[in-house]
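Values quoted throughout were computed directly from the atomic coordinates according to the rules given, and no laboratory measurement underlies them. This structure is a prediction, so every number in the text was calculated from the model and none was measured. Using ideal geometry, Cβ is built from the backbone for each residue, glycine included, and neighbour counts are taken over all protein chains shown.
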Amino acid sequence: MYIYMSTVAAISTPNAVGGISVIRISGEDALKIAGKVFTSYNGKKVSDMDGYTCAYGQISESEQKLDDVVLTVFRTPKSYTGEDIAEISCHGGLYITKQVLRLIIEAGAEIAEPGEFTKRAFLNGKMSLTQAEAVMDVISAGGKNELKYAMALKGGATYRKISDVKQKLLKILGDLAAWADYPEEDIPYVEPDGLKKELSVIKDELIRLSKTYDYGKIIRNGINTVIVGRPNVGKSTLMNCLSGYERSIVTNIAGTTRDVVEEYVKIGELTIRLSDTAGIRLTDDQIEQKGVEIAYGKIEEADLVLAVFDSSEVLSDDDKRIIDALINKNSIAILNKSDKEKIADDEYLKDHFRYIIEISAKNSEGIEGLEECLNKMFINEEIQADNGIIANERQKACLEMSLQATDNALELLKSGESLDAVTVIIDEALANLLKLTGESITEIVVNEVFSRFCVGK
């Protein structure tokens, strides 16, 4: 159902020079406003244009032509926002683009807020909240996997999965309500054992979906990866090798890197949020010691640790202290300097690391081994995009509250509590799923979700 809102406009292409720019207008007066600034060369009025049609014409100010443009019309309800939309494609110069937007605002439109168009699509029932959140994931996708999962989310995969669980909860609540409200009717008693089985199935489905969060976070945000090692083992050289340029300073002086250097890199189909840290060793230098402390902090936060060792040297006490710090962490041992004679103790490393690769960061050799390890560690073939995936903290929180409520309902049944009490808890489980999909959500939450979007989307 269409919700009346003011007519808004924004630049929907990046704020940079390009071949074309697109200015989007959406709202009840979108076509009227477009008609004030646009004149078609075939004489057809904007108000007479059908949806999904274009017209070639010009934007003028005080009878002075500003630019040759193409106007595209989308009519309610078959538009992205569910409202009338006019999109003006002009030449991609920053001055021209901003002048066209200025004229549109002067003609009666308001400047759109971040995520305003997608917010209107959600409010007008064009997509669920999970689908709306996926729009920015599609825009920011940096590889095939990211795009695949983002498109599945945008296509409603998570919404459909949640809806399946929602329908099961609604059936249970309907049965309980009918039995409680119409005792005089011939309605079967809701058996606790049968209810336990139904809730157990729902609980299992919620658990499965919950387990996708960590994978969804990696797909969405990349793998938070930290490079650690003692000084001069080749951490910064590895950083530069993976980045493809000199991101970190490389010298023969121990302790050159004292702060954290960060970079996004692609390894195969995975995105890596890579951090190069200070060399870890015992030191009396206060500044260097601070860098070491930061490095240990990064280890705690990381999804993955690349522990770099000099294969041409025996493992030192500093090396072994680093290894001890990696217990219960996802980690890969990187034996660097494979271009030199190997001396490092393989057996010691095999006792502490599942994955060990040999590389020469200086010569960019052996890096394919890293890609193979990452695929084994982080590509989960069991998690299919079409089965839904939890992609952000808001979704996770709603799902976990629903799961907790479902578990509480099961415990109440096991303890022999009344079905009335169980009903209240099941209703809570349902309410949290409705919050997840956006079917029941406060204005504050809606505004917070869409504030993360870019202007023009």
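Remind me, relative contact order of segment 4-130 in percent, using alpha carbon pairs under 8 angstrom and six or more residues apart?
30
According to the square roots a ≥ b ≥ c of the eigenvalues of the Cα gyration tensor, what is the shape class of segment 221-378, taking rounded for a/c under 1.5, prolate for a/b larger than b/c otherwise, and oblate for the remainder?
Taking the square roots of the gyration eigenvalues as a ≥ b ≥ c, segment 221-378 is rounded.
With a/c under 1.5 counting as rounded, go ahead and sort segment 43-183 into rounded, prolate or oblate using the C-alpha gyration tensor (a ≥ b ≥ c being the square roots of the eigenvalues; past the cut-off, prolate if a/b is larger than b/c, else oblate). Walk me through the numbers before you get to the answer.
Details: a/c = 3.30, a/b = 2.18, b/c = 1.51.
It comes out prolate by the Cα gyration axes.
Quick one: length gained pulling ILE367 to LYS266 fully straight, 0.36 nm per residue minus the C-alpha distance?
Answer, rounded to one decimal: 35.1 nm.
Magnitude of the Cβ-charge dipole of the chain, K/R +1 and D/E -1, about the Cα centre, nearest 20 debye?
Numbers: 53 positive and 74 negative charges, 288 e Å.
That gives the chain a dipole magnitude of about 1380 debye.
What nm value, rounded to one decimal, do you get for the distance between TYR355 and ASP420 when each label is placed 7 Å out toward the C-beta?
Using points 7 Å along Cα→Cβ, the separation is 5.7 nm.
Any chance you could count the Lys pairs in segment 334-433 whose alpha carbons are under 17 Å apart, treating pairs 8 or more apart or on different chains as valid?
Within segment 334-433, the lysine pair count is 4.
Which of the lysines could a cross-linker span from LYS78 if the Cα-Cα distance has to be under 21 Å and same-chain partners fewer than 8 positions apart are dropped?
LYS32, LYS45, LYS119, LYS126, LYS154, LYS457
Roughly how many whole Å is it from the C-alpha centroid of segment 321-349 to that of segment 100-125?
55
Which of the listed residues, MET401, ILE59, ASN330, is farthest toward the dipole's positive end in the chain, when Lys, Arg count +1 and Asp, Glu count -1 at the beta-carbon?
Farthest towards the positive end: ILE59.
Among (1) 1.01; (2) 1.28; (3) 1.17, which is the computed Cα Rg over 2.2 N^0.38 Å?
The listed entry that was calculated here is (2).
I need to check one value: relative contact order of the chain, counting alpha carbon pairs closer than 8 Å and at least 6 residues apart, in percent.
16
If each residue's Cβ is checked for other Cβ atoms within 10 Å, how do LEU419, LEU242 rank with the fewest at the top?
So the residues, fewest neighbours to most, are LEU419, LEU242.
At a 10 Å Cβ-Cβ cut-off, how would you order ILE327, ILE332, fewest neighbours first?
By the 10 Å Cβ count, ascending, the order reads ILE327, ILE332.
Extending each Cα 7 Å along its Cβ direction at LYS65 and ILE343, get the distance between those two points in nm, one decimal.
7.7
What order do you get for MET151, MET136 when you list them from fewest to most C-beta neighbours inside 10 Å?
Numbers: MET151 15, MET136 21.
With the sparsest Cβ surroundings first, the list reads MET151, MET136.
Count neighbours as other Cβ atoms within 10 Å of each site's Cβ, and list the chymotrypsin sites (Phe, Trp or Tyr not before Pro) in segment 52-129 that are DSSP loop with at most 13 such neighbours.
TYR52
Of all beta bridges DSSP finds with both residues in the chain, what is the antiparallel percent, to the nearest 5?
So the antiparallel bridges in the chain amount to around 65 percent.
Let me have the relative contact order for segment 221-378, percent, based on Cα pairs under 8 Å that are six or more residues apart.
23
Please give the calculated 222 nm ellipticity per residue for the chain, where each DSSP H segment of at least 4 residues contributes -39500 (n - 2.57) and the sum is spread over every residue; nearest 500 deg cm²/dmol?
Helix-only estimate at 222 nm: -14500 deg cm²/dmol.
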